[in-house]
């Protein structure tokens with residue numbers, strides 16, 4: 001694989017998209033764990049039992065959803081930011097920046113085809129996630145459930161991509177591309193002083 005320098009535009013887009021996606025993953029994690037509506041409803045119910053007050057299960061779920069609503073709004077806002085970043089990322093190659101590499105190029109090594117193919121699939125999955133998210137927010141109500149079912153699957157490709165991405169970075173750092181981490185941070189390979 002060619003030794004590359006990462007431009008400031010590349011690094012800014014890389015980190016903006018990465019941070020946005022990690023924050024969105026954080027909101028998903030919170031919604032599935034500590035801020036799960038059923039878990040929160042049980043905590044509220046247990047507390048109310050000590051105060052001689054009661055709420056129905058439906059009321060408890062509504063209250064739990066209201067408590068977590070501000071956190072979940074961050075997921076939606078980050079989704080809007082990611083839509084903007086994605087549009088910029090797709091436009092940059094037209095401006096001569098951040099070109100996409102063709103994974104079907106016959107001159108590439110198998111490793112390069114795999115790497116470029118992973119990014120090809122990743123950006124396709126991101127497009128599907130963003131489109132389904134926008135339809136959930138702004139589309140017809142009769143499509144909401146179907147779009148939510150597809151949108152929920154986003155967590156699987158995102159976690160798989162993160163594992164493959166970090167695995168590839170670790171392999172590169174330990175083999176033939178030492179300094180790749182410092183290059184994506186600073187733009188050039190860090191040189192060790194003797």
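A Cβ distance below 7 Å, combined with a sequence gap of six or more or placement on separate chains, defines the contacts here; from the stretch 177-194, residues that are on the phi > 0 side of the Ramachandran plot reach residues that are at pLDDT below 55 and surrounded by 12 or more Cβ atoms within 10 Å (Cβ to Cβ) in the pairs 179/189; 179/190. Of all the listed residues (139, 179, 187, 117), the sole one being surrounded by 12 or more Cβ atoms within 10 Å (Cβ to Cβ) and more than 29 Å from residue 8 (Cα to Cα) is 139. Where helices (runs of 4 or more DSSP H) sit wholly within the stretch 1-94, those with at least 2 residues that are under 16 Å from the mean Cα position of the chain (by Cα) and crowded, with 16+ Cβ neighbours inside 10 Å occupy 8-32, 57-91.
Per the listing 163, 135, the residue uniquely closer than 18 Å to residue 25 by Cβ and either within 14 Å of the chain's Cα centre (by Cα) or in contact (Cβ under 8 Å) with a residue 12 or more places away in the chain (or both) is 163.
The values are calculated or read from the model by the stated rules, or taken from the named source; none is laboratory data. Treat the numbers as computed from the prediction; the structure is a model and nothing was measured. Neighbour counts run over all protein chains shown; Cβ positions are idealised from the backbone, glycine included.
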